[in-house]
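Structure first, commentary second.
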Amino acid sequence: MILFRIFILILLPLICLSQNTYSVATLKYNGGGDWYANPTALPNLIEFSNNNIGTNIKESPDIVEVGSSDIFNYPFVHMTGHGNIFFSNEEANNLRKYLLSGGFLHVDDNYGLDEFFRKEITKVFPNKKLILINSSHIIFNQSFKFPNGLPKIHIHNAKPSEAYGIFDNGRLVCLYTYESDLSDGWEDSEVHNDSEETRLKALKMGSNIIEYIFLGKN
């Protein structure tokens, strides 16, 4: 009986994880910004995570709109771009419900997104603030260790790369990676001509985000 309980508590979740295929999505937003930037980024991150941390995520990510009820089908939604973002009240309410019900949003500033995202996220969480996340947080200490916190992938200026988060009852529900260009590092090598070392660093950090969400190491 004791051995059977050990199987149920430890082995069965691992078997279920290997049998299920999950989907992730790119967030499509209004306002004119290029929500479709970095088209090869998520597929490469998915492949890396499936090969290195044991996830079983569908190879091709979907596209989901902020205000769609379909967003609740995805445990992880990724958002990036260079320009303007606009959330209607209905979209903001939908995104808030999604995040508070267990969803996760990763927003990567592709240089030019910052002022617009910071304004619109206040519609989603008017009573919460983006909090700077230091290197001791578990998201930097998953399978891959980042003792200095968020890596700098592309250098456009002298500002340090920073990670910000919105938390609900201690759970990180929204991760904002700023001054890093993290998802650029996930793209095919010929897109930005990044070195393999730089791409690997970006993919490892992205994999840590995936691990935090899918494997419960939080």
Candidate set: the range 95-109, residues that are in contact with an Asp or Glu (Cβ under 9 Å, 6 or more places away or on another chain) and either of a type in the set (Gly, Ala, Ser) or surrounded by fewer than 23 Cβ atoms within 10 Å (Cβ to Cβ) (or both); chosen: the one nearest to Asp34 (Cα to Cα): Leu99
Pair list, Cβ under 8 Å, 6 or more apart: the range 192-203 residue over 18 Å from His156 (Cβ atoms), other residue surrounded by 19 or more Cβ atoms within 10 Å (Cβ to Cβ): Leu203/Asn44; Leu203/Leu45; Leu203/Phe48; Leu203/Gly185; Leu203/Trp186
Positions within the range 47-69 being touching a residue at least 40 places away in the same chain (Cβ under 8 Å) and either within 25 Å of Gly33 (Cβ to Cβ) or among the β-branched types (Val, Ile, Thr) (or both), in sequence order: Ile53, Thr55, Ile57
Where Asp184 falls short, out of the listed (1) under 20 Å from Gly81 (Cβ atoms); (2) assigned to a strand (DSSP E or B): (2)
Leading residue by the ranking (nearest to the chain's Cα centre (by Cα)) among those in the range 190-216 that are surrounded by fewer than 14 Cβ atoms within 10 Å (Cβ to Cβ) and not in a helix (DSSP H, G or I): Gly216
Some residue of the range 60-73 being of a type in the set (D, E, K, R), at pLDDT 95 or above and exposed (fewer than 14 other Cβ atoms within 10 Å of the Cβ): yes
Strands (runs of 3 or more DSSP E) enclosed by the range 72-161 - at least 3 residues per element that are under 15 Å from Leu182 (Cα atoms), β-branched (Val, Ile, Thr) and touching a Cys at 6+ places or on another chain (Cβ under 6 Å): none
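The values are calculated or read from the model by the stated rules, or taken from the named source; none is laboratory data. All values reported here derive from a predicted model rather than from experimental measurement. Heads up, the Cβs are rebuilt from the backbone with ideal geometry, glycines too, and the neighbour counts pull from every protein chain shown.
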